[in-house]
Amino acid sequence: MNLVRVSESKSVWTATEFMPKFSELTGKIDVDVCIVGGGIAGLTSAYLLQKAGLQVCVLEAFELSSGQTARTTAHFTTALDDRYFAIAKLHGHEAAKLAAESHRAAIEKVIEIVNNEKIECDLEVLDGYLFADSDSREGILDKELRAIHKAGLTDVEITPSPLEFFNTGPCLKFTGQMQLHPLKYLKALAKVIVARGGHIFTGTHVSQVEGGKSAFVKADNGAQVNCASIVVATNTPVNDLFTIHTKQAPYRTYVLGFQVPKDSIPKALYWDTLDPYHYIRLSQTIGESFDVLLVGGEDHKTGQEDVPSHRFSKLESWTRERFPMTTEILYKWSGQVMEPVDGMAFLGRNPLDAKNVYVITGDSGNGMTHCTIGAMLITDQIMGRTNPWEKLYDPSRISIKAAREFIRENANVATQYADWFSAKKKPGFPDLAPNSGSVYREGVKMIAAYKDEVGNVEFLSAACPHLAGVVTWNDVEKSWDCPCHGSRFDKHGKVIEGPAIKDLKPLTILNRELSAQKTRLLPDSPLTERPM
Ligand code: FES
């Protein structure tokens with residue numbers, strides 16, 4: 001069983017911590033709640049549900065927390081990246097108040113867990129600073145401050161920037177923000193869950209989620225979990241074919257970790273108001289003789305950038321212009337965020353199986369905080385307790401005021417299907433760089449061709465098994481990414497990110513002689529589809 005989620009880039013977290021190994025689920029087990037996904041949303045849900053007295057089981061397709069949890073910059077914040085004034089406009093002032101309250105409660109919940117379980121995870125409570133991207137946009141801070149105060153965060157104020165070398169202009173200062181090492185935190189949570197009788201299985205890819213009276217979750221290998229409730233915590237739900245995916249859009253985001261001299265940058269969280277925005281934090285625990293400045297941003301819609309690696313160059317230039325003390329780049333990685341069309345995450349009962357299937361998704365750039373809110377909210381729902389945030393985050397909601405964004409994102413998805421009619425030329429395979437891929441047309445088929453380091457070429461159908469978008473090559477992660485709803489597949493076509501739950505179809509191909517010899521493919525080899 002391949003336990004490894006193949007990603008080319010490595011985050012600072014995976015480079016500095018390992019998650020514990022667990023076995024694959026075989027056979028059948030019965031529990032109260034089955035949780036699909038072993039990242040922060042899944043493990044926090046499992047921890048809280050177990051604490052509430054339920055028997056839990058976590059199923060993870062790869063290794064624990066190897067998805068977006070390992071690719072975050074791991075900040076917890078009350079500074080919503082969709083802006084309070086926008087949330088108030090779309091959902092009302094009362095909703096903005098609840099959003100602030102839930103974000104504050106999530107930070108307090110993590111602190112409580114870390115204290116109760118005596119977890120060492122480099123947790124630090126610190127200030128956060130939001131600055132305008134240019135002088136002409138400073139008005140945005142006044143507008144945001146008014147909305148923030150109305151939402152009840154009265155301690156937020158306008159202050160000068162603590163960054164002397166970088167003219168940010170005035171900033172909004174948020175106290176009581178938080179950062180930690182996500183894998184250290186979740187490694188400890190996993191240990192607690194298992195020590196208290198919970199089940200965790202890794203290398204267990206889910207193929208079916210069935211709510212209702214006889215709810216169950218089935219894995220590819222036929223193993224099954226029977227349960228009363230199911231939580232789908234897979235960044236984007238793998239149990240929903242359509243509904244949620246029309247209300248959120250997938251974006252790739254990029255992070256660089258620069259070595260900087262110790263104490264050369266005041267420790268805090270920083271964000272600007274650009275769209276896409278930059279997010280910045282400092283780690284003083286990774287290097288002994290230096291600090292690590294983490295800078296993220298340069299987001300784009302998944303599968304809709306010809307050369308994703310160019311985003312790193314832009315991010316590097318942006319950073320070096322503003323942080324002259326940066327030296328070597330120690331870490332670079334990319335991740336994926338799901339942007340809800342109305343600015344609020346989708347946390348709670350799944351629209352299609354409203355009774356006992358729950359989802360945590362639409363986390364935007366506030367994944368750590370939203371996933372913790374989602375785990376708290378769903379725990380209350382499963383336990384039959386009322387929760388004041390239920391309506392705000394309800395995955396079934398339709399926000400008429402967000403109709404323009406809904407139409408814009410879905411029109412964008414529709415245009416991606418035009419790729420089926422595009423005349424993408426077959427590449428000259430000898431010219432294709434090693435460890436890279438290309439999509440081209442062969443008759444009515446769209447073919448995804450990957451050339452490995454030694455020159456062998458592997459052919460896959462470029463049709464995404466979710467809803468038949470045409471995948472594109474991601475030169476950063478060496479993956480095939482779908483531009484429609486963000487499904488991703490490794491270079492060999494194995495699904496690594498939903499909503500697709502199946503792999504890209506392999507095509508056998510190759511002219512017999514070359515295939516048999518496993519030698520280099522000639523440019524014009526005939527293609528035939530392998531019988532499945
Ligand atoms: Fe929906 Fe590919 S992710 S079509």
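Given labels modelled 7 Å from the Cα in the Cβ direction, how far is it in nm from E117 to A52? Inter-label distance under the simple model: 1.7 nm.
With a 1.4 Å probe and all protein chains kept in place, how do K451, K445 rank by accessible area, largest first? Could the numbers behind the result be given before it?
Values: K451 15, K445 80 Å².
Listed by decreasing accessible area, they come as K445, K451.
A protection proxy built from the mean count of other Cβ atoms within 10 Å ranks the segments 67-73, 403-409, most packed first, as 67-73, 403-409.
Electrostatic bookkeeping for F290 treats Lys and Arg as +1 and Asp and Glu as -1; over the other residues with beta carbon under 12 Å from its beta carbon, the sum is -3.
Just the number, please: carbon plus sulfur as a percent of the accessible area of the stretch 369-480, 1.4 Å probe, no ligands or DNA/RNA counted. For the stretch 369-480, the apolar C and S fraction of the accessible surface comes to 60 percent.
Sequence-ordered 3J(HN,Hα) estimates for the stretch 11-18 from the Karplus curve with 6.51, -1.76 and 1.60 and θ = phi - 60° stand at 7, 4, 6, 6, 6, 10, 8, 10 Hz, glycine and proline given as x. Largest accessible area first, the residues E117, E497, E453 order themselves as E453, E117, E497 under a 1.4 Å probe with ligands, DNA and RNA left out. Each residue of the stretch 282-293 was assigned a 3J(HN,Hα) from its phi angle through the Karplus curve 6.51 cos²θ - 1.76 cosθ + 1.60 (θ = phi - 60°); the sequence is 10, 10, 10, 10, 7, x, 7, 9, 8, 9, 10, 8 Hz, with glycine and proline shown as x.
Rolling a 1.4 Å probe over the protein heavy atoms leaves K191 with an accessible area of roughly 130 Å². Note down the net charge around L392, summing +1 for each Lys or Arg and -1 for each Asp or Glu among other residues with Cβ under 11 Å from its Cβ. Residues close to L392 contribute a combined charge of -2. Model label points for V194 and M325, set 7 angstrom from Cα along the Cα-to-Cβ axis, are 4.0 nm apart. Sorting the segments 200-211, 471-482, 153-164 by their mean number of nearby beta carbons within 10 angstrom, highest to lowest, gives 471-482, 200-211, 153-164. Here the Kirkwood formula, the inverse mean of 1/r across different C-alpha pairs, assigns the stretch 278-357 a hydrodynamic radius of 15.9 Å.
Considering every alpha-carbon pair of the stretch 18-167, the percent of pairs per 10 Å bin, from zero through the bin containing the longest distance, is 9, 28, 29, 21, 10, 3, 0. If you take the alpha carbon atoms of the stretch 172-320 and fit the smallest convex hull around them, that volume is 207 Å³ per residue. Rg then Dmax, both in Å and based on the Cα atoms of the chain: 23.1, 73. Computed over the alpha carbons of the stretch 422-461, Rg followed by Dmax gives 9.9, 30 Å. Ordered by 1.4 Å accessible area with all protein chains kept, W318, W13 run largest first as W318, W13.
Karplus-derived 3J(HN,Hα) values for the stretch 64-80, using 6.51 cos²θ - 1.76 cosθ + 1.60 with θ = phi - 60°, are 4, 6, 9, x, 5, 4, 7, 10, 7, 9, 6, 10, 10, 8, 9, 8, 4 Hz; glycine and proline are entered as x.
In terms of packing, defined here as the mean over residues of other Cβ atoms within 10 angstrom, the peptides 386-392, 337-343, 431-437 line up highest first as 337-343, 386-392, 431-437.
For the chain, what is the relative contact order in percent, using Cα pairs closer than 8 Å and at least 6 residues apart in sequence? Intermediate values should be presented prior to the final figure.
On the way: 1195 pairs, mean separation 88.8, N = 532.
The value is 17 percent.
If both residues of a DSSP beta bridge must be in the chain, then about 80% of such bridges are antiparallel.
Could you work out the helix-only [θ] at 222 nm for the chain, with each DSSP H run of four or more residues adding -39,500 (n - 2.57) and the total divided by the number of residues, to the nearest 500 deg cm²/dmol?
-7500 deg cm²/dmol
In the stretch 236-304, the C-alpha radius of gyration followed by the widest Cα-Cα span (Dmax) gives 16.7, 50 angstrom. Annotation: H91 carries an accessible surface of approximately 50 Å², with a 1.4 Å probe and no ligand, DNA or RNA atoms counted. Electrostatic bookkeeping for L172 treats Lys and Arg as +1 and Asp and Glu as -1; over the other residues with beta carbon under 10 Å from its beta carbon, the sum is -2. Using the Kyte-Doolittle scale, which helices in the chain average at least -1.0 and also have C-alpha atoms spread 24 Å or more along the helix axis, with helices defined as whole DSSP H runs? Membrane-span-like by this rule: 93-116. Annotation: cysteines of the chain without a disulfide-compatible partner (Cβ-Cβ under 4.7 angstrom) are C57, C121, C171, C371, C484.
The values are calculated or read from the model by the stated rules, or taken from the named source; none is laboratory data. No experiment lies behind these values; they were computed from the predicted model shown. Backbone-built Cβ (ideal geometry, glycine too); neighbour counts: all protein chains shown. Side chains are part of the model used for accessible areas, which takes the heavy atoms of the whole protein and leaves out ligands, DNA and RNA. Shrake-Rupley method; radii C 1.70, N 1.55, O 1.52, S 1.80 Å.
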